[in-house]
1. Which one is farthest from the chain's Cα centre (by Cα) among residues in region 195-208 that are buried (at least 22 other Cβ atoms within 10 Å of the Cβ) and not β-branched (V, I, T)?
2. What are the residues in region 149-164 that are surrounded by 24 or more Cβ atoms within 10 Å (Cβ to Cβ) and among the polar types (S, T, N, Q), if any?
3. When the residues of region 236-270 are filtered to those that are part of a loop (DSSP other than H, G, I, E, B) and of a type in the set (G, A, S), which remaining residue is nearest to Q27 (Cα to Cα)?
4. With of a type in the set (V, I, T) and not in a helix (DSSP H, G or I) as the only criterion, which of V309, V298, V273, V284 stands out?
5. Check A178, A147, A170 and return the single one that is without any contact (Cβ under 8 Å) to a residue 24 or more places away in the chain and among the hydrophobic types (A, V, I, L, M, F, W, C).
6. In region 141-179, how many residues are of a type in the set (S, T, N, Q), in contact with a helix residue (DSSP H, G or I) (Cβ under 9 Å, 6 or more places away or on another chain) and in a strand (DSSP E or B)?
7. Only residues that are closer than 20 Å to T227 by Cα, of a type in the set (S, T, Y) and surrounded by fewer than 17 Cβ atoms within 10 Å (Cβ to Cβ): list them for region 100-148, please.
8. What residue, of V67, V137, is outside any loop (DSSP other than H, G, I, E, B), closer than 27 Å to A212 by Cα and modelled with pLDDT of 95 or more?
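The values are calculated or read from the model by the stated rules, or taken from the named source; none is laboratory data. What you see is a predicted model; the values in this text were computed from it and never measured. Note that each Cβ is placed from the backbone with ideal geometry, even for glycine, and that neighbours are counted across all protein chains shown.
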Amino acid sequence: MKLYFPRVCRWLALLSMTGMALAAQAQTYPAKPIKLIVPFAPGGITDLLARTVAQKMGESLGQVMVVENRAGAGGTVGTEAVAKASADGYTLLMGATSTLAINPGLYPKLGYDATRDFVPIGLVAMIPSVLTVSPGVPASNLRELIALAKSQPGKLSYGSAGSGSSQHLAGDLFKADAGIDMLHVPYKGGGPAMTDLLGGQITMIFEPLPTAIAHIRGGKLKALGVTTRERVAALPDVPTIAEAGLPGYEVVVWFGLFAPTGTPPAITAKLNVELNRALNLPEVKQTLTGQGADPAPVSQEKLAALLAVDQQKWGKLIRARGIKVE
């Protein structure tokens, strides 16, 4: 058997040089502004979270982190742009449950693979939703709402920010677990849906806590349950949906930073450290919790595991229920 020592040595030398180059790149990173793409319009919770951490991370990294909004097609436009960007750490994605865990099951021809095309950096926050009904609905708790729905099959309705949104799937999961028939009313955004709920045109919405809490505290809406495993501090008297009558029900929307696959591990690890440092700052905690969001500093591995679990959960529901984008 012939041993090609010169060739082996060349490969070893090449690998060593590559490793040293990547290490050097990580040490000098970032050498220019970093772009953080938000695949939704300005002003929403995704945008707020992105801008909050981008400012603090930029200060610590010594470079500006520029937030760029690229909305369209349920968040797929901006997400695809990051998937196709250079894997050098200078283009990042503000990912979310909807774009990376739900959309893969809804869109048969996505321009990206949520698992293959992205490397997790870290979670930014997790946001509970709350089942809210208009004051005129004759139900003061979850069991009464379910009984009302069963007595009037197909008559009650739940709104959402659009077909395939997290609100839509939270409502469909609720229908499946409760064994009830309700009408889904998709809107072009959460604002119009909330307007109709306040006006009594629809029965209920699974609304993210940040946009629901003011209406609940003001008595304009009734909160029958939160979608988290445990009660939330902002609404301590509101039970979880699981304890109120549907054991096992849980829906939590999460947001996190991702980079294109191929980004040097040393860079994504550095970004994870800086993100978690920012999330532990008192002013950042105050900003996020004030919006009903729970800062969630975790490792890259934990975000990857969460993504895998949610992709399986929502993909299974979408297939079983035949949910499609209308």
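1. Taking the candidates together, the pick is L197.
2. Hit for region 149-164 is S160, nothing else.
3. G262
4. Within the list V309, V298, V273, V284, the selection yields V298.
5. Exactly one of A178, A147, A170 is without any contact (Cβ under 8 Å) to a residue 24 or more places away in the chain and among the hydrophobic types (A, V, I, L, M, F, W, C), namely A147.
6. Taking region 141-179 as the starting set, the residues that turn out to be of a type in the set (S, T, N, Q) are 141, 151-152, 157, 160, 163, 165-167.
Remaining after also requiring in contact with a helix residue (DSSP H, G or I) (Cβ under 9 Å, 6 or more places away or on another chain): 141, 160, 163, 165-167.
Imposing the further condition that a residue be in a strand (DSSP E or B) reduces the set to 160.
Of the residues in region 141-179, 1 are of a type in the set (S, T, N, Q), in contact with a helix residue (DSSP H, G or I) (Cβ under 9 Å, 6 or more places away or on another chain) and in a strand (DSSP E or B).
7. Matches in region 100-148: S140 only.
8. Values: V137 fails: outside any loop (DSSP other than H, G, I, E, B).
Just one listed residue meets the conditions, V67.
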